[in-house]
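Here's the structure, in structure tokens; my notes come after.
The values are calculated or read from the model by the stated rules, or taken from the named source; none is laboratory data. Everything numeric here is computed off the predicted structure, so don't read it as measured data. Please note: Cβ atoms are built from the backbone with ideal geometry, for glycine as well, and neighbour counts cover all protein chains shown.
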Amino acid sequence: MSLLVVGLNHRTAPTSLLERASVSPTDTPKVLHDLVAAAHVAEAVVLSTCNRTEIYAEVETFHGGVADISDQLSRICGIDLADLAAHLYVHHDARAVGHLFSVVCGLDSMLVGESQILGQVRGAFRAGQDAGVANGGLSALFQAALRVGKRAHSETSIDAAGASIVAVGVQLAASSLGVLGEAPAAPVAAPGAGTSEVGVGRSTLPVPVEVPPLAGARVLLVGAGAVGSLAAQTVRRAGAAEVVIANRTPARAARVAEMHAGRVVGLADLPHEVTMADLVISSTGATGLVVDHDTVAAALPGRGGRPLVFLDLALPHDIDPAVRDLPGVSLIDLEALRVALDGAQVSHDVEAVRGLVAAEVAGFLDRRRAGRVAPTVVALRAHADAVVHGELARLRTRMPDLDDREWDQVEGAVRRVVDKLLHAPTVRVQQLAGAPGGDSYAEALRELFDLPREVPAVVSAPDLDLVERS
């Protein structure tokens, strides 16, 4: 068995293709079961976010596993594999572990350091466990990854490597809108003796006060999930005068509204609220458009020529891309955010997390290799114990005059001889297991001692789940 990840992300595929590759929570169980029903896939986890769709798997063979997973992604996207292949990446064993650890730490995100991916990975892992297809090797891998992700965010300032995607989107939206409100000037005392004066006599000079980027803006939020709640917090900090929340589930919208002094409306009220809004931020999990071209076009006559900006943070799109052709309307989507974030600088904390990931990958692989060797070592000792037991039984029948004390000495001597003979090879093979090609030493033991290919049921591998559950 080996680890494999096959997927596509914001670096390898356009947003339009990522949308087609997106797997909804309701579709995930079927995709997982289809994967493990394939010939070469034993376990699977599907990670599908705004920026990526990846399938992690324990596979019987590399080439067979790649073929099975790629075929599944082709069916999800509705695209011939020949056309999809150019956008896919494949990572095997050590590279697969390193990729997941980097993903969960936010190193592979559109915006380096964002922390939402940690929860998304946790959710993907739980979906795999609930489906009963991620309870072996993948369980150890994902538990380790979640622990690494928590370390990265608690031991470094990776979160500050860049603002969240929401914050960057709000900044772009504010630039499109301009400052909508007016801030009062702050008077200062007249200049003292020896200072220069402006105009005739002593003057009180107005000093400009920095105006929040969304001062005076009306913001409509469509969607009240984690991203919607973060958007509400961000626009309030940016000075929004009014925050309106529309969501399919009113109770969730009410909670966000209570936290951020917002107002709740129904989805049926969207046409009116679009007319009133300056900025519309949408982040639902809908599979179709939430705001279409005709709704926005109908809202424009009632706006008095005010600019209208849409920030679409959803995948698939919530906002009809055609709205950007309407006069006075701007649309910022994930593709635009990708361009804006390409110039993000790598900070010292990013380098620290990369070092942490490298060390954790090495440790995980050592444990994994040791786990593969351990059943052979246990089987060897079980085989030796069976041989000793049989030989002692025969010896007892040949030497019936030995009393219990004498027999204990004979049995102890035989067992010590066997233990000493096995000690060096078993300890050494466990040490060598951590090196590249370590599995070959276990194979040598099986050949030399004629151990069975199938490890007996009584021989169990050690628990590799040496990481805390999240």
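Taking the criterion of being within 20 Å of Asp419 (Cα to Cα) and either outside the structural domain of Leu422 (by TED's automatic domain parsing) or surrounded by 12 or more Cβ atoms within 10 Å (Cβ to Cβ) (or both), the residues of region 390-408 that qualify are Glu391, Leu392, Leu395, Trp407. Taking region 115-143 as the range and being assigned to a loop (DSSP other than H, G, I, E, B) and either over 10 Å from the mean Cα position of the chain (by Cα) or in contact (Cβ under 8 Å) with a residue 60 or more places away in the chain (or both) as the test, the residues that pass are Ala131, Gly132, Val133, Ala134, Asn135, Gly136. Looking across Ala297, Ala322, Ala336, one residue alone is closer than 29 Å to Ala13 by Cα, at pLDDT 95 or above and either touching a helix residue (DSSP H, G or I) at 6+ places or on another chain (Cβ under 6 Å) or of a type in the set (A, V, I, L, M) (or both). It is Ala322. Residue pairs whose Cβ atoms lie under 6 Å apart, sitting 6 or more positions apart in sequence or on different chains, and linking a residue in region 8-30 that is within 15 Å of Ala86 (Cα to Cα) to a partner that is polar (S, T, N, Q), are Asn9/Asn51; His10/Asn51; Ala21/Thr53. Within region 446-462, none of the residues are among the hydroxyl-bearing types (Ser, Thr, Tyr), touching a Lys or Arg at 6+ places or on another chain (Cβ under 9 Å) and at pLDDT below 75. For region 100-114, the set of residues classified as in a helix (DSSP H, G or I) and of a type in the set (Val, Ile, Thr) consists of Val103, Val104, listed by residue number. Selection of region 4-36 for residues being surrounded by fewer than 16 Cβ atoms within 10 Å (Cβ to Cβ), among the β-branched types (Val, Ile, Thr) and over 13 Å from Thr53 (Cβ atoms) yields only Thr26. Might you check whether a residue that is in the same structural domain as Asp333 (by TED's automatic domain parsing), at pLDDT 95 or above, part of a loop (DSSP other than H, G, I, E, B) and hydrophobic (A, V, I, L, M, F, W, C) occurs anywhere in region 271-282? Checking region 271-282: at least one residue is in the same structural domain as Asp333 (by TED's automatic domain parsing), at pLDDT 95 or above, part of a loop (DSSP other than H, G, I, E, B) and hydrophobic (A, V, I, L, M, F, W, C). Take the conditions (1) without any contact (Cβ under 8 Å) to a residue 24 or more places away in the chain; (2) assigned to a loop (DSSP other than H, G, I, E, B); Ala82 misses just one of them, which is (2).
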